[in-house]
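Just below is one structure, and these are the notes that go with it.
The values are calculated or read from the model by the stated rules, or taken from the named source; none is laboratory data. None of these values were measured; they are calculated from a predicted model. Cβ coordinates were reconstructed from backbone atoms using ideal geometry, including for glycine residues, and neighbour counts include every protein chain displayed.
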Amino acid sequence: MSDVSELAAEAAAFMVQAGYSHGSCAAYQRVWDQFGEYCAGHEIEDPDRETAAGFCTAAGADGVEQWQVFHRRAVGCLFDVAETGRFALRAGRGRIQLPEVFTAEYEVYAAWLSGRGLAKATVRGKTGMLRRFLAFLADSGVQEMASLRALDVSNYARSLASRAASSRAGQLYFLREYLRFAVREHGADPALGAMFPVIVTDKDAVLPSVYRWGEVAGALAEAGNGSESPLRDRVVMLLASVLGMRSGDIKGLRFDQIDWANRRLSLILHKSGRRLDLPLPEECALAIIDYWKNERRQVEDPHLLVRQRAPHQPPAAGNHFHQVVAGCFDRAGVEASGRHRGLHSLRHSVAVGMLEAGTPYPVIGAVLGHADANTTRRYLRVNVADLRPLALEVPDVR
């Protein structure tokens, strides 16, 4: 492996070629310079990913704040470029250009997805991942699916190393589906279809991540601290922790869906397309008004939430407010103890809280917008306190 200066020069050249702005290049270079100083101070001449992990820990960049995530990504990109000649472009950099040589493959896959009746958001996510994969292949010299090799796929998988674990998992799940599709439709090597075997698991074997109300209240008290959009973050946290709304429904909430006179929300669920009417508690209503009057950019957009920075549009499709929620829990000193810390954990917590309050299953399912009663029943397994009195005594066998 080369020293940091050589790695940085190679990564910087890729960034210029990929069209990164001067400011972005400078931000990455600052982290690389700090990494170089760290290696020099520890007399490390041949740094690797383990060295990078040590640097991030020493710099305090092992948390979920935006600068911490950026530090880890910036250092990881050095090794991505050294190993594959490139690194994965940031999801927020807009639509990746589809290589002309793969236009037909892209259109066939997109048509196949649409024909399956999948939600628009699902189709958009899968075609976006395909565009990223095809761009990588074109940059690597692959011109057709029939010549695709396992090494090309492995190199792409390695290029995702600096991304979050959930993002990598989604990309690899997509690859498994698409490679099998490419074998069927484009004559790709059949061995590629077996690169990512299906591992059968029971989704009900994993308990939903749940936080008790005291923990959620502590996180709510921290909403907005250290954020450039504190009032927006409080709205997000309240809608998720009080009403159990999904991130897609929060991002899609429009002014015409708020009935101020009757204090109700009338939603079309992002996931299922079903209609859902919810009460609008006073605390949520006041938070929305506070954000609307004192922080929201005054732009002609029907959505409640818009970005603080231009363009002032609704939050990006890939923004699930994970950093907002995780940051609130961190500042409140709430231990994760193996639990997820995203927005959906607040939705789970609402369900369990209602269950513990004696709310009937049909009511819980209606509030959460569940189409299947079995989805609601999953939360029975979390309500250990109510199940404990029903447990049979263990007989004394001595």
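The table that follows gives values for the structure above.
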quantity	calculated
Contacts under 8 angstrom Cβ, first residue in region 38-60 being farther than 14 Å from Arg73 by Cα, partner basic (Lys, Arg) and surrounded by 15 or more Cβ atoms within 10 Å (Cβ to Cβ), 6 or more apart	none
Members of region 251-265 that are in a helix (DSSP H, G or I) and either buried (at least 22 other Cβ atoms within 10 Å of the Cβ) or at pLDDT 95 or above (or both)	Phe255, Asp256, Gln257
Hits in region 1-32 - residues which are of a type in the set (S, T, N, Q) and in contact (Cβ under 8 Å) with a residue 12 or more places away in the chain	Ser2, Ser5, Gln29
Odd one out for Leu280, checked against (1) closer than 19 Å to Val367 by Cα; (2) surrounded by fewer than 16 Cβ atoms within 10 Å (Cβ to Cβ)	(2)
Selection within region 287-325 - touching a residue at least 60 places away in the same chain (Cβ under 8 Å) and aliphatic (A, V, I, L, M)	Leu304, Leu305, Ala316, Ala317, Val324, Val325
Test: residue in region 157-166 that is among the hydrophobic types (A, V, I, L, M, F, W, C) and more than 20 Å from Met195 (Cβ to Cβ)	yes
Long-range neighbours under 6 Å by Cβ, at least six apart or interchain, first residue in contact (Cβ under 8 Å) with a residue 60 or more places away in the chain within region 272-284, second assigned to a loop (DSSP other than H, G, I, E, B) and of a type outside the set (Lys, Arg)	Ser272/Ala371; Leu276/Leu269; Leu276/Gly369
Enumerated helices (runs of 4 or more DSSP H) restricted to region 326-381, each holding at least 3 residues that are without any contact (Cβ under 8 Å) to a residue 40 or more places away in the chain and farther than 20 Å from Leu238 by Cβ	361-368, 373-377
Among the residues listed as Ala104, Ala188, Ala161, the single one being more than 26 Å from the chain's Cα centre (by Cα) and not in a helix (DSSP H, G or I)	Ala188
Checking Ala285 against (1) at pLDDT 95 or above; (2) in a loop (DSSP other than H, G, I, E, B), the condition it does not meet	(2)
Filter result for Asp290 (charged (D, E, K, R) and in a helix (DSSP H, G or I))	yes
Qualifying positions in region 45-68 - surrounded by fewer than 16 Cβ atoms within 10 Å (Cβ to Cβ) and of a type in the set (Val, Ile, Thr)	Thr57
Counted residues, region 61-75 - those being touching a residue at least 24 places away in the same chain (Cβ under 8 Å) and either not in a helix (DSSP H, G or I) or not hydrophobic (A, V, I, L, M, F, W, C) (or both)	7
